[in-house]
Amino acid sequence: MKSLIGVALFSLFLSGCSTRPSAIPAASTAQTGPARLLSEAPAGFENNGTAVVAGQAHQLDPADLAKFEEVETIPNGLGPLFNAQSCRECHQSPVTGGVSQVTELRVGHKGPDGNFHTPEIPINHGSEIIKGRSLVNQRAICPNPAFPAVDILERVPASETIRTLRSSLSTRGDGLVEAVDDATLLDISKQQCKQDGGRICGMVIRVPVVESPGETRVGRFGWKNQHASLLSFSADAYLNEIGITNRLFPDEVTNLCNTVAEPNDKTGADGLADIDHFARFIRASEAPGRDPRQGATSAAKAGEVLFTKVGCGICHVQTLTTAAAGTVINGGKFTIPGELGSKTFHPYSDYLLHDIGTGDGIVMAMEEHYGKRMYQFQWKGLSLEAFQATANKIRTAPLWGVRMRPALMHDGASLTFRDALLRHRGEAKSVTARFERLNQADQDAIVEFLKSL
């Protein structure tokens, strides 16, 4: 079912900032089918075990929160290579599921064909080469008393000249993002590409739904939109960030120092594995709430209008709408419940890929994000050429909760809101130029508005 009300709101945003108001055809905003009763999704920072979204199946279950916060140890399967010991370690501020100061390291190089290639990283004095991933884990469990002569820490070879840091992302409210229909994101992309000569044109890619071999969906999670399913996203992170193998990613990155049978993540007495609890926690978490006091200031109110007027809202879309309850997604593995269906929410993102002059040159590594066995399946609509085309594109950063992050942009290299605004080039250069032409008071007002998000 198409969910086009979010697109209609998006078009209204564009009409206030476009230099050509007629660029958005009226027909593109029409809703198909019977009208749906929409309701506002809850927002805030609650993790107290109460029902964030009402309903038995998708309330914030304390067991899900506990699993998300659980610290993994070597006997549990931690590592052998890892970045963190729990989900919460990278997703915490101001509460579990939020952002953090943690960054991950990604590297690679351009091959003779001009395409991005993943690195080959020797470990244990060259006895093994880590391949097929751009992620470089910054922690390891060896050497340790059981393996005193085994050194597996990854170090970047000089050959890997493409290098970047990536900031950890908030997961709060991502259950709503997962519930957005593919058609909504596709329509936003089409509307952008039609406006103003296509200067701003969000890229859509279809990515594997790992729990449904052969099925794909429009990507929306991660800086490169590498996932569309929260279960896939959780399973990927559990292996690649924490080193815990699971039913979707059963193969260790390295077997050196490994003493725990695969998969490390076993089904519990409740019939759920840890990755199921992680996905349930994210789906039940509230979207980040705004600062009501800051948002009520005259400067922030003026800044909100100017934010739209200069064109920031073209990519940082204020309002989206989820698909109707009962819609089946993720290759038939998840049905949107009433608590997430037909909800409006305010992420300030189009969840599309754009080149705004900050691209890091990294292309998603297929085996890293979809498992070493991904080539055993035919994935509908999957285009390896499209993946290569994402090298210098980054997903539009959702701005809900951005006031909780002191280091901005995908790499954390912008330390003030003004720095981040001025750094937008490429597709966004005309928007940045309009911002720069504002007087100082109006520029400051936009910053005050961002402080409220």
In Å³ per residue, the alpha-carbon convex hull of region 187-262 encloses 101 Å³
Among the Cα-Cα pairs of region 265-391, the proportion with separation greater than 18 Å, in percent, is 74 percent
The Kirkwood hydrodynamic radius of region 106-257, taken as the inverse of the mean 1/r over all distinct Cα pairs, in Å, comes to 18.1 Å
Once the dipole of the chain is set up from charges on Cβ (+1 Lys and Arg, -1 Asp and Glu), the residue from the list 85, 240, 287 lying farthest towards its positive end is 287
With -39,500 (n - 2.57) per DSSP H segment of 4 or more residues and division by the full residue count of the chain, the 222 nm estimate, nearest 500 deg cm²/dmol, is -7000 deg cm²/dmol
With +1 on the Cβ of every Lys and Arg and -1 on the Cβ of every Asp and Glu, the dipole magnitude of the chain about its Cα centre, in debye rounded to the nearest 20, is 1480 debye
In degrees, nearest 10, the alpha-carbon axis of helix 298-309 is tilted away from the dominant principal axis of the alpha carbons of the chain by 90 degrees
The percentage of the accessible area of the chain (probe 1.4 Å, all protein chains present) made up of carbon and sulfur atoms, to the nearest whole number, is 55 percent
Rounded to the nearest whole number, the Stokes-Einstein translational diffusion coefficient of region 108-155 at 25 °C and 0.890 mPa s (Kirkwood radius, C-alpha pairs) in µm²/s is 204 µm²/s
Rounded to whole angstrom, the alpha-carbon centroid of region 406-453 lies from that of region 259-338 at a distance of 24 Å
For the chain the mean separation of alpha carbon contacts under 8 Å (6+ apart) over residue count, i.e. relative contact order in percent, is 22 percent
Hydrodynamic calc, region 318-408: Kirkwood Rh from Cα pairs, then Stokes-Einstein at 20 °C with viscosity 1.002 mPa s, so D in µm² s⁻¹ is 132 µm²/s
Nearest 10, in degrees from 0 to 90: the angle of helix 230-240 to the longest Cα principal axis of the chain is 40 degrees
Sorted on mean Cβ neighbours within 10 Å (highest first), peptides 423-431, 288-296 come out as 423-431, 288-296
Per residue, accessible area of the chain with a 1.4 Å probe, heavy atoms of protein chains only, in Å², comes to 40 Å²
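The values are calculated or read from the model by the stated rules, or taken from the named source; none is laboratory data. Note that this is a predicted model, so its numbers are computed, not measured. Virtual Cβ from ideal backbone geometry, glycine too; neighbours counted across all protein chains shown. In case anyone asks, the SASA skips ligands and DNA or RNA and just uses the protein heavy atoms, side chains included. Shrake-Rupley method; radii C 1.70, N 1.55, O 1.52, S 1.80 Å.
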